[in-house]
Structure formats: C-alpha cells, structure tokens
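Q: Take a look at this one; I'll ask things after.
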Amino acid sequence: LGKDITSAAVDDREDCPMCKKFGSGPCGDIFKRWLDCTDKHPGKDANGEPLHLTNCLNLAEKLGECLDTHADHYTSKDNEEDIKQQEKAKSQEVVTLKSAWGEFVTEMEDGIKRNTYTTSPFPE
C-alpha cells in the first residue's frame, strides 16, 4: 500500500522535472522512497539541520549509488525523449477524452431540445 501512495505522490508532481526524470528508470523505486521520506520529515531539528538529511540519509546514499551506477541512463537523450513521448501520449489521451465527452454532451443537449432524449435504467 505504501508503495502505491508513494508512486501516486511522485506521479502527481507534474510540475517537477526532477520527479519525472528520476522517478522512472533503474533508480525510480529508490528515488520514490527517498522523496516520500523527505516529505515525511519537513522542518529542522534543534540545531537547525534539515530533518530529512538525518532521517533519510540511508535512502539518499542508496539513491546516490544507484545514480552513479546508472549515470548513462539519466544523462541520456533517449531518457529525455521517452519522458517527452510519455507526456505527449498523456496529452493526446486527454484531448481524445475531452472530445468524446464533448460529443456525448452535445448529443444529449440536442436530444433534450428535440424531446428525443430518453433515459433508461442501468442494466443489473
């Protein structure tokens, strides 16, 4: 369950280029766990140190090792192109859905105006 929440939290950050880039690929899982940890530990301790630095250190180290190991993936133009293609596909899905919904609403409105629209119960 926690993994699903973390994935959703990263996916909801559409305005976060870092989340898009590092939330997928070979280090995506550890990035999501690290990000979730930092979100759970905002603020500073009595000495003024950010809480996420001490509470998420283990995950940060694992993420750093993973990023070092897979640097070629995260610096690759192919990865950036994959992200752009995913964004384009998502945008096209939204346009298609809006268009279909618009057509449905127009048909309903026309049917209501002509008194030809009828309702029927949902099938059981």
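Q: Could you order TRP34, TRP101 so the one with the most accessible surface comes first? Probe is 1.4 Å. Show your work: numbers first, answer last.
A: Numbers: TRP34 55, TRP101 160 Å².
If we order TRP34, TRP101 from most to least accessible, we get TRP101, TRP34.
Q: Further, regarding this structure: Please list, or write none, the lysines whose alpha carbon is within less than 29 Å of the alpha carbon of LYS20, excluding same-chain residues fewer than 8 places away.
A: Straight-line reach from LYS20, under 29 Å: LYS3, LYS32, LYS40, LYS44, LYS62, LYS77, LYS84, LYS88, LYS90, LYS98.
Q: Taking N as the number of residues in region 78-124, what is its alpha-carbon radius of gyration divided by 2.2 N^0.38 Å?
A: That works out to 1.90 for region 78-124.
The values are calculated or read from the model by the stated rules, or taken from the named source; none is laboratory data. Keep in mind that this is a model prediction, so the values were computed, not measured. Heads up: the accessible areas ignore ligands, DNA and RNA and are worked out on the full protein's heavy atoms, side chains in. Shrake-Rupley method; radii C 1.70, N 1.55, O 1.52, S 1.80 Å.
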